[in-house]
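The values are calculated or read from the model by the stated rules, or taken from the named source; none is laboratory data. The structure presented is a predicted model; accordingly, all values stated were derived computationally and were not measured. Note that we place each Cβ from the backbone using ideal geometry, even for glycine, and neighbour counts take in every protein chain shown. Surface accessibility is based on the protein's heavy atoms, side chains included, excluding ligands, DNA and RNA. Shrake-Rupley method; radii C 1.70, N 1.55, O 1.52, S 1.80 Å.
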Amino acid sequence: MDRRQFTLGSLGLATSLVAPHPLRAETRAYTGPNVILVRFGGGVRRAETIDEAATWAPYLRHVLAPRGTFIPDLRIDKLEGVNTSHAEGTLNLLTGRYLAYRELPGVGDQLEPTEPTLFEYLRRSFDIPSHQVLLINGEDRPQEEFFTFGAGDHFGIDFRSEMLSLHRYKLYRTATQLAEGKLPEDQLLAVQEERQSLLTKDARGATPAPSPEVQAFWARWRQDFGDTGLKNPRGDRLLTELSVRAMAELNPRFLMVNYQDPDYVHWGNPSHYTRAIAIIDEGLQRLVSAADADPFYRDNTVFVITPDCGRDANPLAEVPFQHHFNSRSAHETWAVIFGPGIGTGTVDKPVDQSAIAPTIAAAMSFAAPRAEGRAVEEIFL
């Protein structure tokens, strides 16, 4: 179906939860490369990221881009109904389709995928446990906690990724505190109320319990950082810490990191934006260094780094660097892809954002038949 004819139809909440999922097929062991997909999130312009002279991400531009294939002209298609924003851009990357989501009723701007995600395609194709397919999410983007599987009667929750985030840690912590039964009455009541509030965040009512491996991960995290939330890193530094620890302790085959801090520019201070780009760049250096030092990842990991959306370039706007006005620069992004089997050089033609998902599928040797984009074949050796 051409995406210009695609409509969300009548996929409903009930369908997403009660429709039968297909039994897991006879799957085979996965022997391909690991993939780390970094959403250079919060919306960034090319000017502050891939401009060689003006970049606030020098490690990305001067070290990582030459290490593999650089796609300087990745574009979000200007289709009717397509928004240049974070959740929508993330789902474009995860499904390989535009408008492949619906808004959950009664919860504001929370979206759920209506098409299979890369997580589901991968786990449907290979015998990979849920704790080795991970999405790392930020505390200020709770609406993206539920991108781990799509709605409908295809694939679904049985083939989900697992989530590492402060929200999921708090779910673990509150359950553990209640089970331990060591809190005084007033604190016990507060934890019960906190847990109830956390559970209401999932409008689908479908948040599964974490696997034993992820529970053990959270137990170690709690031992190191405690219950107060005052010791652990915050913002995108938290995502880097979660990712590096996950790589060491869980060995994910597919890891998506949803960086987000450049969006703080909505507060009106451009330095919030540029400093956040630099923090992601520092995080990239830690991620790549960790992969290069770990035999599980070294020489066997493809990195895909790309934004969720661009940003406007209107110097007369009261708050600079918006992304909600459908301007040209908000539709303009980029990608850097490197690792085993990936060539070096620059793709000198426009590439659509919907190509990212099928390109990852091609790198990992599984099919993503519902993606409407096409893999960027020329990047492969």
Report summary line: When restricted to Leu166, Leu198, the only residue closer than 22 Å to Ala87 by Cα and in contact (Cβ under 8 Å) with a residue 60 or more places away in the chain is Leu166
Query raised in the report: Checking Ala87 against (1) farther than 22 Å from Leu287 by Cβ; (2) open to solvent by 30 Å² or more (accessible area, probe 1.4 Å); (3) at pLDDT below 85, which test does it fail?
Result: (2)
Report task. Considering every residue within the range 298-314, establish whether at least one is at pLDDT below 85, in contact with a Phe, Trp or Tyr (Cβ under 9 Å, 6 or more places away or on another chain), among the hydrophobic types (A, V, I, L, M, F, W, C) and farther than 23 Å from Tyr259 by Cβ. Result -> no
Requested in this report: Just one of (1) at pLDDT 85 or above; (2) surrounded by fewer than 22 Cβ atoms within 10 Å (Cβ to Cβ) trips up Gln110, so point out which.
Outcome: (1)
Query raised in the report: Leu118: touching a helix residue (DSSP H, G or I) at 6+ places or on another chain (Cβ under 7 Å) and touching a residue at least 60 places away in the same chain (Cβ under 8 Å), yes or no?
Result: yes
Requested in this report: Starting from residues that are touching a Pro at 6+ places or on another chain (Cβ under 8 Å) and either in a loop (DSSP other than H, G, I, E, B) or open to solvent by 60 Å² or more (accessible area, probe 1.4 Å) (or both), keep the ones in the range 173-221 and report whichever is farthest from Phe146 (Cα to Cα).
Outcome: Glu213
Query raised in the report: Does the range 43-53 contain any residue that is more than 22 Å from Ala290 (Cα to Cα) and touching a Cys at 6+ places or on another chain (Cβ under 8 Å)?
Result: yes
Report task. Give the range 113-147 a look and list any residue that's open to solvent by 10 Å² or more (accessible area, probe 1.4 Å), polar (S, T, N, Q) and touching a Ser or Thr at 6+ places or on another chain (Cβ under 7 Å), or say none. Result -> Ser125, Ser130
Report task. Assess whether Val214 counts as being touching a residue at least 12 places away in the same chain (Cβ under 8 Å), of a type in the set (Val, Ile, Thr) and closer than 30 Å to Ala313 by Cβ. Result -> no
Query raised in the report: Yes or no: Leu134 modelled with pLDDT of 95 or more, within 29 Å of Thr228 (Cα to Cα) and among the hydrophobic types (A, V, I, L, M, F, W, C)?
Result: yes
